[in-house]
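Here it is, the structure in full.
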């Protein structure tokens, strides 16, 4: 039997909040104390997957992947599909490994019984999945208290520019979250999501990687099993063409020419990606295309000395991220990001629309592709009435930005107190009540 | 085709592992690539295909490819969770952890539930933003800019200011040509704002972006093999290619004629 006053003591202990942005590719997690001033450094980015290598017959859970030395034919199991937690068996193993057990990293390990959980999800999550999530959080992990909300909403709690002292959320904010699973457009008003105006594009980082994988496999080597490598290549070499005209020019410059009318390949765009052999090197690197070498390589590789395999990348560099702006290029019947933004704003009253356009913030990993913001701005400008201001900015760290917004929210006890639901309340009223409460909180 | 309807039954239990799914009819990503029936093409309701329309076979191939590109997990591989996992603490948690369903099952479920449940009656207080939003969603997204007055001043809208206070000035004071009232959007009405903020979330399927407007630029066509402009069509399957060299490569690998 616990000693007297035991319960009281644990309730009085300063509760920390585990802020968790449970993305499909990485989970962003960090413990935030009340009234702390969180920064990007407090956020830990961990792969949200279980990977299995057929080569060394090892299974890597989440951060164990950092120890992996051979990414060849690595197969992934991702518990999050299309942004929603679907497979709780795998997600539970990852959470336990990274957050709860002895294997958890320093600064992340917590005891759920005296920790609050702030879990961020994607918009338009099916209700059944939300219910499953709530039940697992309280019944399996037994967190002390819990709040679940659409992650990008909490970006409204970033201090505005110019900074002000008020803790009020920003009034009008248009978040473009271009992530691994998809790209979503979320207009926020005073820290509330305008649900009817949320729009989603199928194109996300996953689709871009898979597309590059398909192109490289068709044109060069079969790489259909090398998802990890192709993702690395995408991150290293891809760029967004500044405009549709420039896209045409670049396409001309990377064309090999007609039969009998060969053109010299423009080595200012074409790069050679030196593939890792997973013996001497784990990561590949890009270097400018060298036509002489590639002609020599058609013959035999040197018997002595280092052998290297090179993947030449021409129009793949900009045709792949182009899908974000022209999904119809591969037949996805959706307008690109600028069109989807205008579609989302068309639901809003005119005054709000004008204010949203002055405060567009792009978050998510795809915005790290060079040229993304410039292209978005130049394509959006003609769609916006001339008398409206347009201001598109990229988050300082697009991957951790949602997390930091949530951490700032969680560090303010008076805000957090209003939304948290304690385990006792859940036990008393059940998951249907909880789902209703959270969806009311979203309004 | 017989019409099957599931009658609401108080005793029905949502058992894991199976569900009633609404038959949405034709899903091009799921059916086999059919041989094309040239003979009957002319007698079909739409008549023979136009120059730029895709054949059923091409549409299926595209739908399959997109489904393949956006797949999260490979259903053929199963990667077991390593180590001994802790025992689920409640019956409910055990049930949830043991689900082996994929996202498409959940999304199908959601659609099925939405179709079974009667749509909620529009609330009396104010127009439901959802019902208000739906017709807008169907409408063309690229509405032209509002008519600009001849003396439009750029940069009128200050960030963060939603309800402009300029409207209070007597209109007679300023030259109508210099008046900026017409370029300032109407202030927000509280009822409208309330309706917008209280609208329920859209379903996953309803949140997708609309297709590009039909009046926009035509779809760009690329070479199936090298990614350059697809200037010519393969005579056998209709895919685009850029030249003879790519035609040979295309026929050797990807031509749908033999798929």
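Can you give the Rg to Rh ratio for the range A:309-358, taking only C-alpha atoms and Rh from Kirkwood?
For the range A:309-358, the value is 1.25.
Right, another one. What number does the range A:20-167 give for Rg over Rh if you use C-alpha atoms and the Kirkwood radius?
Rg/Rh: 0.99.
Relative to the present Cα-Cα distance, how much length would full extension add between residue A:262 and residue A:433 at 0.36 nm per residue of separation?
54.7 nm
So which residue, out of A:276, A:413, A:152, gets the largest mean-square fluctuation from a GNM of chain A using Cα contacts under 10 Å as springs?
A:413
Could you give the length gained by full extension between residue A:66 and residue A:389, i.e. 0.36 nm per residue of separation minus their alpha carbon distance, to one decimal place?
111.8 nm
Per residue of A:341-349, how many C-beta atoms from partner chains lie within 10 Å of its own C-beta, taken as a mean?
So the per-residue partner count for this stretch is 6.
Right, next: With axes computed from alpha carbons, what is the tilt in degrees of helix A:401-410 against the longest principal axis of chain A, rounded to the nearest 10 within 0 to 90?
The helix A:401-410 is inclined about 10 degrees to chain A.
Partner chain Cβ atoms within 10 Å, averaged over the residues of B:213-222 - can you pull that number for me?
3
Using a Gaussian network model on chain A with a 10 Å cutoff between Cα atoms, which of A:196, A:75, A:351 fluctuates the most?
Largest GNM mean-square fluctuation: A:351.
Shifting gears a bit: Please find the FRET efficiency linking residue A:41 to residue B:87, where r is the Cβ-Cβ separation and R0 is fixed at 25 Å, and quote it to the nearest 0.05.
For R0 = 25 Å, the calculated efficiency reads 0.10.
Using r as the Cβ-Cβ distance of residue A:282 and residue B:64, and R0 as 41 Å, what FRET efficiency do you calculate, to the nearest 0.05?
Step by step, r from the Cβ atoms, then E = 0.75.
Right, something else. With the Cα gyration tensor of chain A giving a ≥ b ≥ c as the square roots of its eigenvalues, does the rule (a/c under 1.5 for rounded; else a/b larger than b/c for prolate; else oblate) give rounded, prolate or oblate?
oblate
To continue, here is another question. Report the antiparallel proportion of the DSSP beta bridges in chain A as a percent, rounded to a multiple of 5.
About 70 percent, rounded to the nearest 5.
At a Förster radius of 56 Å, what calculated FRET efficiency corresponds to the Cβ-Cβ distance of residue A:396 and residue A:253, to the nearest 0.05?
For R0 = 56 Å, the calculated efficiency reads 0.95.
Would you mind checking the tilt of helix A:205-219 against the longest principal axis of the Cα atoms of chain A, expressed as 0 to 90 degrees and rounded to 10?
20 degrees
Still on this structure, I have one more. For chain A, modelled as a Gaussian network with Cα springs under 10 Å, which listed residue fluctuates most, A:430, A:23, A:257?
Maximum among the listed residues: A:257.
Go from 0 up to the bin containing the longest alpha carbon distance in the range A:205-322, width 5 Å each, and give me the % of pairs per bin.
Percent of Cα pairs in each bin: 2, 10, 19, 23, 21, 14, 7, 3, 1, 0.
Then there's this: For chain A, what does -39500 (n - 2.57) per DSSP helix run (n ≥ 4), summed and divided by total residues, give at 222 nm, in deg cm²/dmol to the nearest 500?
-8500 deg cm²/dmol, from helical runs alone.
Based on the Cα gyration tensor of the range A:116-240, what are the three equivalent ellipsoid semi-axes, each the root of five times an eigenvalue, rounded to whole Å and given largest first?
So the three semi-axes of the range A:116-240 are 34, 22, 14 Å.
Over the Cα atoms, compute the radius of gyration (one decimal) and Dmax (the largest Cα-Cα distance, rounded to a whole number) for the range A:89-155, in Å.
Gyration radius and largest Cα-Cα distance of the range A:89-155: 12.5, 35 Å.
Just so you know, all these numbers are worked out from the coordinates, no wet-lab data involved. Values in this document were obtained by computation on a predicted structure and should not be read as measured data. Glycine gets a Cβ as well: all are built from the backbone with ideal geometry, and neighbour counts include every protein chain shown.
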